[in-house]
1. Taking only Cα atoms of region 43-84, what ratio of Rg to Rh do you get with Rh as the Kirkwood inverse-distance radius?
2. Add -39500 (n - 2.57) for each DSSP H run of 4 or more in the chain, then divide by its residues: what number comes out at 222 nm, to the nearest 500 deg cm²/dmol?
3. Separation between the residue 74 and residue 6 pseudo-spin-labels, each 7 Å from Cα along Cα→Cβ, expressed in nm?
4. Using θ = phi - 60° and the Karplus form 6.51 cos²θ - 1.76 cosθ + 1.60, what ³J(HN,Hα) does each residue of region 54-63 get, whole Hz, x for Gly and Pro?
5. Could you give the Stokes-Einstein D for the chain in µm² per second, using the C-alpha Kirkwood radius, 4 °C, 1.567 mPa s?
6. When only Cα pairs under 8 Å and 6 or more residues apart are kept, what is the percent relative contact order across region 8-84?
7. Given R₀ = 25 Å, what would the calculated FRET efficiency be for residue 84 paired with residue 31, taking r from the Cβ atoms and rounding to 0.05?
8. Give me the extension gain from residue 15 to residue 42: residue separation times 0.36 nm, minus the current Cα-Cα distance, reported in nm with one decimal.
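We did not get these values from a lab; they are worked out from the coordinates using the rules stated. Being a predicted model, the structure only gives us computed values, none of them experimental. Counting neighbours? That spans all protein chains shown, and the Cβs are built from the backbone with ideal geometry, glycine included.
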Amino acid sequence: MDKQRTNYAQARQNLIEYLSRYSHIKDPGLDSVWFIQSSITVDALDAEIRSRLGGHDRLIVTKLESGQHQGWLDPATWAWINPKL
């Protein structure tokens, strides 16, 4: 989220409250990354989140698939992700 935004603190809090409605986990090493479980499409989730962002904010929404992911995350994050695939 763009920290130069005039209402950054409130906009960030609103986004966090919105994202928190989904089953999710945050890796302690990735400050602004959320792993969200949702039954809606990536396009629909992208549109919902994007409607809450400013023009200079950036976002990527992707679907993780079993056997098609790799990375270095906190073990608790993997423990949350893997059973959901």
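1. 1.08
2. Per the formula, -9500 deg cm²/dmol.
3. It works out to 3.6 nm between the two label points.
4. Per-residue couplings from phi come out as x, x, 9, 7, 10, 8, 9, 10, 9, 9 Hz.
5. Approximately 92 µm²/s, per Stokes-Einstein.
6. Details: 45 pairs, mean separation 24.4, N = 77.
The value is 32 percent.
7. Here the calculated transfer efficiency is 0.70.
8. 8.0 nm
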